[in-house]
Amino acid sequence: MKRAIVAMLCVAPAAAAVGVPLVHFRMAFFSDAIGHSAFTGVAIGVLLGVHPLLTMVAFGLFVAWAITLVKGRTELSPDTVIGVFFSTVIALGIAVISAQKGLTRNLQAYLYGDLLAVSETELLWMAALLFGVAAYLFLAFNRIMLIGVHEGFAKSMGVPVRALEISFALVVALVVTTAIRAVGILLVTALLVVPAASARNIARGAVSAFWGAVAIAVASGLSGIAASYYLDTATGATVVLFAAAFFAVTAMLKGILRG
Amino acid sequence: MTAPGHHHTLEIRNLSVRAGGTEILSGINADIRCGEVTALVGPNGAGKTTLLLAILGLVPYTGEIRFCRAAEHGEGAPRIGYVPQRLDFDRNTPMTVLDFFALSSQRYPVIFGHSARSRRSARESLTRVDADHLVSRPLGKLSGGELQRILLALALRDNPDILLLDEPVSGVDLSGEALFCDFLGKIHSETRFSLLLVSHDLSVVGRHADRVICLNRRIICQGATTEMLTPENLEAMYGSGAHLVSHGPANGRGHLHAPPRPDQEEEKGG
């Protein structure tokens, strides 16, 4: 239980912090595609006899890099490109899993998340991720937000647009694949998007939008763990439901504040 | 003041841009002269914005784009200012005008607040375009004209050698246009940067530009404004029946810096 709380305190703020520029970029679908690439990543790991977590992260990074590359070289809209990758990685994952009898049981923990089974090594990895994300955002946050307003304008301001786009996609992939341990493949995007979306409902500037998202993520994480313990519900789902409640409340507040 | 023709801020040699198997721009040769206003005109899909993106290094191209820095602007790489046609960002983005300025003027993330220096610099830049009252407004809630003024203020903040303006008056009402051109004229006469202006509105071009580049996937013609905007050239670019219509004061306010051109009136009588 203690370990689950520490894990959540690492993963939730990291996911929410990355979620703020992610929502600004309108990349929610991208993070969903990375999340679902975990199917294939885990399957490859089991197939090769490597720890699934390693292959899941590696494959997630590969897919993020591939999508970013293809997106920059085609005239198709980004969501079309992501849509193609999205279905390909799921199909590949299901094909590999279905060929390996007995793999489905292994997959449960990744589909729904299994926070209570987080190992010491995974915990260290999650802590490292939180520090890594904080360091990355400290260096790159301003320039990433500038790209989100207008690529060409950012470029004219001396921002290395392509390098930052790729590095941000890779950081998102790291966060998504790590957060899968907490809330599962099906709900991982929610951990990134919902706190940032909730904070946007009531924030006026960048300061409140960012810290609001982090606070909402931590609050949902902790209340979700507590509630799931007493109600005996799946932790990941309960956490996301709390985040969704925050969204509903802030959306109503927005209506009252502007109405 | 630099004598026209002696310095080029930008030299474009044999530039071609291909995308998806079609040539968007081919064999472009053009010079942007120091301190002058050059207008880039042409029909929709002529590749005007693509040319700006190539200059910014955002689309792959073949050929050469050389930046030259006038000695009086000091050492180092030339600065490019850019005001895009429109911003395609989410209008609900929680970002104030001050946040937006601070994104490029302070090292630490704006989520830790704004440095005194970026506050001061934002105020100064905004005052320059008469928009200091907008400093704490959310970026997404500004009108088209206000947003363009903010972008112009930011593009001019670091004293660019060349300013690229994409359709500076599109989506802005006529009085907003006059206002925008007035600011630009005032600032241009103070700092003498080179200006490359994309415009559909030939009356704006006639009033503000020293030189014109007529583009339709290749260069149709280029030269002094008064010589270029002839019925023949317009027809080559836009098809038959094209002519100039003036819808605004043709003299006085709005001139960037060029002396009055007596022959301009005749050309505008469309």
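The values are calculated or read from the model by the stated rules, or taken from the named source; none is laboratory data. None of these values were measured; they are calculated from a predicted model. No Cβ is skipped: glycine too gets one built from the backbone with ideal geometry, and neighbour counts run over all protein chains shown.
Selection of first residues in the range A:147-159 that are at the interface with another protein chain (Cβ under 7 Å from one of its Cβ atoms) and of second residues that are assigned to a helix (DSSP H, G or I) and β-branched (Val, Ile, Thr), restricted to Cβ pairs under 8 Å at least 6 apart or on distinct chains, gives the following pairs, ordered by first then second residue: A:GLU151/A:VAL161; A:LYS155/A:VAL161. Only one of the listed residues (A:THR178, A:THR189) is more than 21 Å from A:ALA244 (Cβ to Cβ) and among the hydroxyl-bearing types (Ser, Thr, Tyr). That residue is A:THR178. Select from the range A:40-56 the residues that are crowded, with 24+ Cβ neighbours inside 10 Å and either within 20 Å of B:VAL110 (Cβ to Cβ) or touching a residue at least 60 places away in the same chain (Cβ under 8 Å) (or both) and list them in ascending order. Answer for the range A:40-56, where residues must be crowded, with 24+ Cβ neighbours inside 10 Å and either within 20 Å of B:VAL110 (Cβ to Cβ) or touching a residue at least 60 places away in the same chain (Cβ under 8 Å) (or both): A:GLY41, A:VAL42, A:ALA43, A:MET56.
Counting just the residues of the range B:114-128 that are under 18 Å from B:ASP158 (Cβ atoms) and among the hydrophobic types (A, V, I, L, M, F, W, C), which one comes out nearest to the other protein chains (Cβ to nearest Cβ)? If you could, list the steps in order and put the result at the bottom.
Going through the range B:114-128, the residues under 18 Å from B:ASP158 (Cβ atoms) turn out to be B:114-115, B:117-128.
If we keep only those that are among the hydrophobic types (A, V, I, L, M, F, W, C) too, we end up with B:122, B:126.
On the way: B:ALA122: 13, B:LEU126: 16 Å.
Among those residues, the one meeting the criterion is B:ALA122.
Does B:ASP99 fit the bill of being surrounded by 19 or more Cβ atoms within 10 Å (Cβ to Cβ), facing chain A (nearest Cβ under 7 Å), on the phi < 0 side of the Ramachandran plot and among the acidic types (Asp, Glu)? Full working, then the answer.
Numbers: surrounded by 19 or more Cβ atoms within 10 Å (Cβ to Cβ): yes; facing chain A (nearest Cβ under 7 Å): yes; on the phi < 0 side of the Ramachandran plot: yes; among the acidic types (Asp, Glu): yes.
Yes.
Let's see how each residue does on (1) modelled with pLDDT under 85; (2) touching a strand residue (DSSP E or B) at 6+ places or on another chain (Cβ under 8 Å); (3) farther than 24 Å from A:ARG200 by Cβ:
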residue	(1), (2), (3)
B:THR96	no, yes, no
B:PHE100	no, no, no
B:TYR108	no, no, no
B:GLU124	no, no, yes
B:HIS133	no, no, yes
B:ASN159	yes, no, yes
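Among the residues of the range B:102-113, those that are more than 7 Å from chain A (Cβ to nearest Cβ) and either within 13 Å of A:HIS24 (Cβ to Cβ) or buried (at least 21 other Cβ atoms within 10 Å of the Cβ) (or both) comprise B:ALA102, B:SER105.
Residues are listed down the side, and each one gets a yes or a no for (1) part of a helix (DSSP H, G or I); (2) surrounded by fewer than 21 Cβ atoms within 10 Å (Cβ to Cβ):
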site	(1), (2)
A:ALA163	yes, yes
A:ALA173	yes, no
A:ARG181	yes, no
A:LEU186	no, yes
A:LEU192	yes, no
A:ALA196	yes, no
A:ARG200	yes, no
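Looking only at the range B:53-94, filter to residues that are of a type in the set (D, E, K, R), surrounded by fewer than 18 Cβ atoms within 10 Å (Cβ to Cβ) and closer than 30 Å to B:ASN29 by Cα; which one of those is modelled with the highest pLDDT? Spell out the reasoning first.
From the range B:53-94, those of a type in the set (D, E, K, R) are B:64, B:66, B:69, B:72, B:75, B:79, B:86, B:88, B:90-91; that's our starting set.
If we keep only those that are surrounded by fewer than 18 Cβ atoms within 10 Å (Cβ to Cβ) too, we end up with B:64, B:66, B:69, B:72, B:75, B:86, B:88, B:90-91.
Next cut, closer than 30 Å to B:ASN29 by Cα only: B:64, B:66, B:69, B:72, B:75, B:86.
On the way: B:GLU64: 89, B:ARG66: 85, B:ARG69: 71, B:GLU72: 62, B:GLU75: 62, B:ARG86: 77.
The residue in question is B:GLU64.
Against the conditions (1) exposed (fewer than 14 other Cβ atoms within 10 Å of the Cβ); (2) away from every other protein chain (no Cβ under 14 Å); (3) more than 24 Å from A:ALA7 (Cα to Cα), A:ALA117 satisfies every one except (3).
Within the range A:131-142, can you find the residues that are at the interface with chain B (Cβ under 9 Å from one of its Cβ atoms), touching a Leu at 6+ places or on another chain (Cβ under 9 Å) and surrounded by fewer than 21 Cβ atoms within 10 Å (Cβ to Cβ)? Result: A:ALA140, single match. Under 17 Å from the mean Cα position of the chain (by Cα) and at pLDDT 85 or above: is that true of B:THR50 in this structure? Criteria met by B:THR50. Within the range A:193-225, work out how many residues are within 14 Å of another protein chain (Cβ to nearest Cβ) and of a type in the set (Gly, Ala, Ser). Result for the range A:193-225: 12. Sub-6 Å Cβ pairs linking a first residue in the range A:20-32 that is at the interface with chain B (Cβ under 9 Å from one of its Cβ atoms) and farther than 12 Å from A:ILE147 by Cα to a second residue that is at pLDDT 90 or above and not in a helix (DSSP H, G or I), at least 6 apart or interchain, number zero.
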